[in-house]
1. Can you tell me which of 192, 273, 51 moves the most in a GNM of the chain? Springs connect C-alpha atoms under 10 Å apart.
2. In terms of the Cα gyration tensor, with a ≥ b ≥ c the square roots of its eigenvalues, is the range 76-163 rounded because a/c is under 1.5, prolate because a/b exceeds b/c, or oblate?
3. Along Cα→Cβ, 7 Å out, is where each label goes; now give me the distance between the ones at residue 265 and residue 209 in nm to one decimal.
4. Have a look at 159, 49, 231 and tell me which one the Gaussian network model of the chain (Cα, springs below 10 Å) gives the largest fluctuation.
5. Please find, in a Gaussian network model of the chain (springs between Cα atoms separated by less than 10 Å), the residue of 47, 21, 195 whose mean-square fluctuation is greatest.
6. Rounded, prolate or oblate: which fits the chain when a ≥ b ≥ c are the square roots of the eigenvalues of the alpha-carbon gyration tensor, with rounded for a/c under 1.5 and prolate only if a/b beats b/c?
7. Before anything else, pin down the relative contact order of the range 192-301: Cα pairs under 8 Å, at least 6 apart, normalised by residue count, whole percent.
8. What ranking do 274-282, 214-222 get when scored by the average of other Cβ atoms within 10 Å per residue, highest first?
Ligand SMILES: [Zn+2]
């Protein structure tokens, strides 16, 4: 009997590894990253032609998946300027799956990157085509498994220019801010040799800690808590990506991302350098967390 059990586990393990336990389609996930990180998208700098091509692709994927739109389409335009760049028509893409409750989880990932410099394309495969790929995988999962709460999917622009898309989203949210009970932000999910995906934000949102503790490791990725204490100074990631705009509005958040690596903000952040065993499991861990929070969201407030 014991032997049969061991055999059954040995047979099942590679299957689970392949399909991330049925939570996502690995081939589709990798394809989405490959398309968004292609040279033809020119590094997706906010306001550029390549950025607009990325928008077209994401909108087409939102449509295929069957996300609903708050307006006639998924587009939320906004304007920003900083020292380097003025963009009159920056663009967030926002879709949703209605739940039985109007209380909502907002899943965010920025699709812009830093563009092309001296003829070299900064492809931003990890930063942050990987987060957008995982956002699309999460949307696909919840479209097929009706959530209790409304889940809003926001592919944000202008993160690399100072979290501009996230600021625009919370300044002009599609639902009242008090209905947003949680932000789950993904930024850089696909490169880590140690199999570690950081969940950053438990220090600021201690009520989320017991739920993070329930997320079981997957074969090639596990959650590690940290990078969220003020005394860590530049290693405190609280203000390092789009979740910061939600934090400033006192909305609980959890940020998922990897430790910095040699390809960070380099032309070598290309599709060929992402870790194709770690990344699907990392994306699946985030979906596991959203599933768990969807069942427990009312307990947060
Ligand atoms: Zn990023």
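No lab work stands behind these numbers, since they all come straight from the coordinates. Since the model is a prediction, treat every value here as computed from it, not as a measurement. Ideal geometry is used to build each Cβ from the backbone, glycine not excepted, and the neighbour counts take in all protein chains shown.
1. Taking springs between Cα atoms under 10 Å, the residue moving most is 273.
2. Values: a/c = 3.77, a/b = 1.84, b/c = 2.05.
Taking the square roots of the gyration eigenvalues as a ≥ b ≥ c, the range 76-163 is oblate.
3. 3.2 nm
4. Result: 231 has the largest fluctuation of those listed.
5. 21
6. Details: a/c = 1.45, a/b = 1.23, b/c = 1.18.
Rounded, because the longest to shortest axis ratio a/c is under 1.5.
7. Working: 121 pairs, mean separation 40.9, N = 110.
Reported as a whole number, the value is 37 percent.
8. Values: 274-282: 22.8, 214-222: 16.4.
Ranked from most to least packed, the peptides come out as 274-282, 214-222.
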